[in-house]
Amino acid sequence: MVDVMEAWLERTASHGQAFVDGDEFRLGFIWFRIAEDHKGLRVTSPRVGDPALIYVDDCSEALRLVAMQRKMLERFELEAELCNCKQTALVVRDLDHCQTTFIDRLASEVGDRSGWYVGAHDSKLDVTAPENLKLVSLWTLMSRRPEIVPYLLFPAGWQVSFAGSSVVMRGREVVKPLASTEGAKTLPRSA
């Protein structure tokens, strides 16, 4: 993943686009940021696991998440349908008190909305009532429910249930992953 990011940065710079302090670019799900100090320019990423979107110099965990999502897409032979860590998901209000999460990609991303719905099999609320739903940033959500991260680039119409082990579905039909990613088609780079 480091090679992908470095190659994209080099290509961009070779086309005459200069990076400056505060510039951001997206690689998969993650927004990376250019920072400048007395040493020059460097790439930073959000600190993984921290619900606040705080940028740090060590990008290794953020790149690991990007690679994990890419591998999951390959396992199901899917093209990425983008969303990003700064967008929101629709969430059942009592999610923090529930144990069995599920996610459902209801739509493609639009503006600050990712298209994801995150619910719980053991929710005590009526999830069809708007007052029982709220918007939560994907970054905050993934720090609380890291099991959802590998699937966040799945297209609309896909669901994953985390009751016990993860079960992936398309249109409520269970879909089995490839046993191996050998021979899987190459995915387009998202940067």
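The values are calculated or read from the model by the stated rules, or taken from the named source; none is laboratory data. None of the values given here were measured: they were computed from a predicted structure. Here the Cβ is made from the backbone with ideal geometry for all residues, glycine too, and neighbour counts use every protein chain on show.
Remark: pairs (first residue in the range 20-43, closer than 30 Å to Lys71 by Cβ and not assigned by TED's automatic domain parsing to the domain that holds Pro155; second residue aliphatic (A, V, I, L, M) and surrounded by fewer than 14 Cβ atoms within 10 Å (Cβ to Cβ); Cβ separation under 7 Å; 6+ apart in sequence or on different chains) = Ile34/Val20.
A count restricted to the range 18-73 and to residues that are within 30 Å of Pro177 (Cβ to Cβ) and among the aliphatic types (A, V, I, L, M) stands at 11. Residues in the range 119-134 that are buried (at least 20 other Cβ atoms within 10 Å of the Cβ) and either of a type in the set (A, V, I, L, M, F, W, C) or in contact (Cβ under 8 Å) with a residue 40 or more places away in the chain (or both): Ala120 alone. Among the candidates Arg47, Arg70, the residue that is farther than 23 Å from Ala107 by Cβ and not acidic (Asp, Glu) is uniquely Arg47. Kindly establish whether Gly119 is outside any helix (DSSP H, G or I), within 13 Å of the chain's Cα centre (by Cα) and not β-branched (Val, Ile, Thr). For Gly119, the condition - outside any helix (DSSP H, G or I), within 13 Å of the chain's Cα centre (by Cα) and not β-branched (Val, Ile, Thr) - is not met. So, Asp58, is that one touching a Leu at 6+ places or on another chain (Cβ under 9 Å) and among the acidic types (Asp, Glu) or not? In short, no. Under the condition of being of a type in the set (Val, Ile, Thr) and more than 15 Å from Val136 (Cβ to Cβ), the residues counted in the range 94-110 number 2. Annotation note: of Asp104, Asp96, the sole residue that is surrounded by fewer than 16 Cβ atoms within 10 Å (Cβ to Cβ), of a type outside the set (Gly, Ala, Ser) and over 28 Å from Leu9 (Cα atoms) is Asp96. Criterion applied to Ala52, Ala13, Ala18, Ala35 was being of a type outside the set (S, T, N, Q) and under 16 Å from the mean Cα position of the chain (by Cα), and the one residue passing it is Ala52. Confirm whether Asp23 is surrounded by 11 or more Cβ atoms within 10 Å (Cβ to Cβ) and acidic (Asp, Glu). Against the criterion (surrounded by 11 or more Cβ atoms within 10 Å (Cβ to Cβ) and acidic (Asp, Glu)), Asp23 qualifies.
Being at pLDDT below 75 and either closer than 27 Å to Asp112 by Cα or touching a helix residue (DSSP H, G or I) at 6+ places or on another chain (Cβ under 7 Å) (or both) holds for only one residue in Trp8, Trp31, and it is Trp8.
Among residues of the range 44-79 being in a helix (DSSP H, G or I) and free of Cβ contacts under 8 Å to residues at least 60 places away in the same chain, the one that is farthest from Val149 (Cα to Cα) is Ser60. May I ask you to verify whether Asp50 is of a type outside the set (Gly, Ala, Ser) and in contact with a helix residue (DSSP H, G or I) (Cβ under 9 Å, 6 or more places away or on another chain)? Here the answer is yes, as Asp50 does meet what is asked. The single condition among (1) closer than 29 Å to Ala179 by Cα; (2) modelled with pLDDT under 95; (3) assigned to a helix (DSSP H, G or I) that Cys85 does not satisfy is (3). Residues that are out of contact with any Ser or Thr (no Cβ under 9 Å at 6 or more places or on another chain) and in a loop (DSSP other than H, G, I, E, B) were ranked within the range 88-106; the one that is modelled with the lowest pLDDT is Gln99.
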